[in-house]
Amino acid sequence: MSQQQVLEAQSLTVQRGGRPVLHDVSFAVGEGEVFALLGGNGAGKSTTLLTFLGLIEPHQGRAMAFGQDVQGNEDAIRRKAAYLPETASLYAHLNAWENVSYFLELARSPRPRDELSQAFDEVGLPADARDRRLESYSKGMRQKVAIALALLRSVPLLLLDEPTSGLDPVAIDEFNALITALAERGSTVMMVTHDVYGACQVARRVGLLRRGELVGTFEAPPEGMIDADELHRAFARSHAS
Amino acid sequence: MNPVIRVAAEEWRYWRRSRLGLAASLVIVSVLLASALATWRQVAIERNQRAELQTTAENIFYDQPARHPHRMVHYGHYVFRTPPPLALIDPGVDEYTGAAVFLEGHRQNSATFSPAYSGPHGGSFVSLSPATVYQVLVPLMLIALGFSALARERERGSDLLLLAAPMSARGLWLGKTLALAAAAALVLLPLLAAVLSATGFALDGIALVLGYGLYLLGWVCLTTSVSARSRSSSNALAVLLSVWLAVCVVLPRIAASGAEVLLPVPSKIEADLAVAKAMRELGDGHNAADPAFEQLRANLLVQHGVDRVEDLPVNIRGVVAEAAEAEQKQVMDGFSEAYAQQEQAQAEAVRWSSFLSPLLAIRGFSTSLAGTDLAHRHRFLVEAEQARYQFVQDLNRIHASDLTYTDDIRRSSDAGAEQRTRVSPDNWRSLAKFRLTPDSLADRLSRGMPFFLLLAVFLALATGLGITARPAGVR
Ligand SMILES: Nc1ncnc2c1ncn2[C@@H]1O[C@H](COP(=O)(O)OP(=O)(O)OP(=O)(O)O)[C@@H](O)[C@H]1O
Ligand SMILES: [Mg+2]
């Protein structure tokens, strides 16, 4: 395994509820790379992220992060990874500040208010909403707070589960720009998505997952982007078969 | 801030914002107030009343004019049991049993076969003593406050975010437990205040509060552990309410009813009839000529070398009365001791059930320490009986030595004899005043210790259930 691989799936096989969910999945994500995992509903995308966080144990194979086996090093790896869950699971009874502060304090990396404010600006959370409890937020606004939290962790690895779901087109563009900028500064990003075109905009590499198996990998040419139409066709083909 | 404490603080904020805290504190404060008021009033009244009654009874008794000693035997005398200071918290069996006994000749009165004592049921929902509130209602409040502590996070998916924070599943459980434990500690403060005001900084009071602390901490851990292991809040609530119902309502009833069926204690009427029947077979101590005392009479005549009872240097009537009382005591003691043993056996059976219900364990601990358990009540009865016997026999001996037989039999027809058969009140004024000494601290602590250990086991099990819970809904 090479030193600059931040994430590495080695013949990963995972069962959930007694049924196989991932089967012999192998891939690697290098430092500063943006990797997108594409696949249909129930393909095993979220499961892959949870396995890298040590929240699910592989049956066979290994999930490696920062050169370490995730199993047995969960705490160390979670400290270096920010996770954006699939469902925005922040607290409805807290406002944006309180939510973000709480999770940052649990991570033992509290941030001053102006940094929070800056992160909210970056994700485009309206200033007048920040003092309101999340129970009054729209889906996209909640997603923005969750993204802000992931950014504020300032960790070298981001594991994002459908980060753009619920975001309007402008917010998606802003988000993509944000991720690209982060990667340029050395962050490694692995994101799960259904959004073929979004994936092509940010990811240098896209893995296609189908019913627990990695059926293809698409790489962007140097100085170019992955051809979204080609990817879309591949996705549709894999679904049809 | 330490993440565990941060989680606890966050839980408090959730309670405040969701009004759960407000609802719970309103309920508990009003229940505590009601119970405090009721108990305080009752104890104040009882204390004054008993002290006053005791003094009045003593004054009346000691102020009797010169009287025939056997009249005083029948006149009788009340003794009272002043509730121990911690009865303020836990009246225990005092709630059901008489605190006064009427001491008189030829009878062991009602406290022995107390009509009010209704078997080992002691302390179910009869009254709202502080003990009942802390044993039954506070756990319910803790459940209401804590059932969703971890199940809620799982339900809403925030558990994944917490675990990824990173926060260990154990740390999360500890934080939620700490939050609920702090609520329990807050609810314990009024108890601590009541205990301190009742006993000052005494070991028994502090131990009592510690016992309740252990019991409530057991409930706290049980609540968060079940919450950690449940798929949803509603599952957690259902499980916890079932456990509460079993521990606080069903098991104590089953234990009590089981003890009654397996180890029956005769009813008061049955017991009274049996005593009366046995007593009828004894001689009549009021009749010196009763054939039952033939032997006694003959021995006495021989002993003093005279032919007629009139010539004896002692009053045969007093001697017979003393002998009869002794015989009666033997018969009555047989019954009352057997009865006490049966009651004790029932209590013992219920005590063993404490393995199944922490409520029974805290109840045993609490009444042991307060000195309001069955053992304490039995000692009261035994000591009161000793006082009764001594008082009756002292008067009988006065009857035998200070009165002549001739005067005694002509009392109703001869005014002079009637005057001469009265003895001075000094004779009963000198009777020792009865005061029940409270159980020693060592006694109460050693009776409470097994229950304390059971409570510790309860806490250990509940804790084990929590720290071994697998994290999150991720399987
Ligand atoms: N908690 C669970 N218990 C048992 N099986 C599960 C659980 N969660 C997911 N699965 C199963 O695992 C498989 C993969 O689920 P996963 O959530 O990883 O899919 P996904 O690719 O993220 O899908 P989606 O695009 O809908 O989010 C599915 O077949 C699903 O039924
Ligand atoms: Mg998913």
Checklist entry - Using Cα pairs under 8 angstrom and six or more residues apart, how large is the relative contact order of chain B, in percent? => result 25
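Restricting to bridges with both residues inside the protein assembly as shown, how much of the DSSP beta-bridge set is antiparallel, in percent to the nearest 5?
60
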Next on the checklist: Please compute the Kirkwood hydrodynamic radius over the range B:217-287, one decimal place, Å, based on all pairs of different Cα atoms.
Outcome noted: 16.6
Next on the checklist: How far apart, in nanometres, would the label points at B:VAL261 and B:GLN344 be if each is projected 7 angstrom from Cα along the Cα-to-Cβ direction?
Outcome noted: 2.7
Checklist outcome for this item: In the range B:152-181, accessible area falls by at least 30 Å² from chain alone to full assembly (1.4 Å probe) for B:ARG156, B:SER158, B:LEU160, B:LEU161, B:LEU162, B:LEU163, B:ALA164, B:ALA165, B:PRO166
Checklist entry - Buried accessible area for the A:B pair, summed, 1.4 Å probe, in Å² rounded to 100? => result 2400
Checklist entry - What shape does the range B:204-253 have by the C-alpha gyration tensor, where a ≥ b ≥ c are the square roots of the eigenvalues, rounded means a/c under 1.5, and otherwise prolate means a/b greater than b/c and oblate the rest? => result oblate
Next on the checklist: Nothing charged except the Cβ atoms of Lys and Arg (+1) and of Asp and Glu (-1): what's the magnitude of the dipole of the range A:88-154 about its Cα centre? Round to the nearest 20 debye.
Outcome noted: 220
Next on the checklist: Test of understanding: what is the full-extension gain from A:LYS139 to A:ALA177, defined as 0.36 nm times their sequence separation minus their Cα-Cα distance?
Outcome noted: 11.6 nm
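Carbon and sulfur atoms: what percent of the 1.4 Å accessible area of chain A do they account for?
The value for chain A is 47 percent carbon and sulfur by accessible area.
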Next on the checklist: Under 17 Å between alpha carbons, and skipping anything fewer than 8 positions from A:LYS45 in its own chain: which aspartates and glutamates qualify?
Outcome noted: A:GLU8, A:ASP24, A:GLU57, A:GLU86, A:ASP161, A:GLU162, A:ASP195, A:GLU213
Item to check | Debye intensity ratio I(q)/I(0), log10, the range A:117-160, q values 0.24, 0.25, 0.26 Å⁻¹ (C-alpha model) | outcome: -0.82, -0.88, -0.93
Item to check | Simple label model, 7 Å out from Cα along Cβ direction - B:SER242 to B:TRP12, nm | outcome: 3.4
Next on the checklist: One quarter of the convex hull surface, Cα atoms only: what value does that give for the protein assembly as shown in nm²?
Outcome noted: 41.4
Item to check | Accessible area (Å², per residue) of the range A:103-241, counting only protein heavy atoms and a probe of 1.4 Å | outcome: 47
Item to check | Distant alpha-carbon pairs in chain B (separation over 44 angstrom), percent | outcome: 33
Next on the checklist: Let me check against my output: what whole-number percent is the relative contact order of the range A:96-216, with C-alpha pairs under 8 Å and at least 6 apart?
Outcome noted: 22
Item to check | Probe 1.4 Å - accessible area at A:LEU55, Å² to nearest ten | outcome: 20
Next on the checklist: How high is the relative contact order of chain A? Use alpha-carbon pairs under 8 Å, at least six apart in sequence, and give a whole percent.
Outcome noted: 26
Checklist entry - List for the range A:76-119: residues with 40 Å² or greater reduction in accessible area, all protein chains versus chain alone, probe 1.4 Å? => result A:ARG78, A:TYR83, A:SER89, A:TYR91, A:HIS93, A:GLU98, A:TYR102, A:PHE103, A:GLU105, A:LEU106, A:ARG108
Checklist entry - Considering only the other residues whose Cβ falls under 14 Å of the Cβ of A:ALA148, what net charge follows from Lys and Arg at +1 and Asp and Glu at -1? => result 0
Checklist entry - Hey, what angle do you get for helix B:268-280 against the long axis of chain B, alpha-carbon based, 0 to 90 degrees rounded to 10? => result 20
Item to check | Modelled FRET efficiency - R0 51 Å, A:ARG113 with B:HIS74, Cβ distances, 0.05 increments | outcome: 0.05
Next on the checklist: With the crude spin-label approximation of a point 7 Å out along Cα→Cβ, what separation in nm comes out for A:ASP168 versus B:ALA460?
Outcome noted: 6.2
Checklist outcome for this item: Neighbours of B:SER148 by Cβ distance under 14 Å: Lys/Arg at +1, Asp/Glu at -1, summed charge +3
Next on the checklist: Using protein chains only and a probe of 1.4 angstrom, how many square angstrom of B:PHE451 are accessible, to the nearest 10?
Outcome noted: 10
Checklist entry - Gain in length, B:ASN2 to B:ASP426, computed as 0.36 nm per residue apart minus the alpha-carbon separation, to one decimal in nm? => result 145.1 nm
Checklist entry - Rg and Dmax of chain A, using alpha carbons, in Å: what are they? => result 17.5, 52
Checklist entry - Counting DSSP beta bridges in the range A:94-241, what percent are antiparallel, to the nearest 5? => result 60
Next on the checklist: What's the magnitude of the charge dipole for chain B around its Cα centre, counting Lys and Arg as +1 and Asp and Glu as -1 at the beta-carbon? Answer in Debye, nearest 20.
Outcome noted: 2980
Item to check | Rotationally averaged projected area of the range B:185-231 (alpha carbon convex hull; nm²) | outcome: 3.3
Item to check | Accessible solvent surface per residue of chain B, calculated while the other protein chains remain in place, 1.4 angstrom probe, Å² | outcome: 45
Checklist entry - How many lysine pairs in chain B, separated by 8 or more positions in sequence or lying on different chains, have Cα atoms less than 24 Å apart? => result 4
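To two decimal places, what compactness ratio does the range A:88-154 give when its Cα radius of gyration is scaled by 2.2 N^0.38 Å?
Rg over 2.2 N^0.38 Å, computed on Cα atoms: 0.96.
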Item to check | Area accessible to solvent at A:PHE27, 1.4 Å probe radius, in Å² | outcome: 20
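The values are calculated or read from the model by the stated rules, or taken from the named source; none is laboratory data. Everything numeric here is computed off the predicted structure, so don't read it as measured data. Neighbour counts run over all protein chains shown; Cβ positions are idealised from the backbone, glycine included. Ligands, DNA and RNA are excluded from the accessible area calculation, which covers all protein heavy atoms including side chains. Shrake-Rupley method; radii C 1.70, N 1.55, O 1.52, S 1.80 Å.
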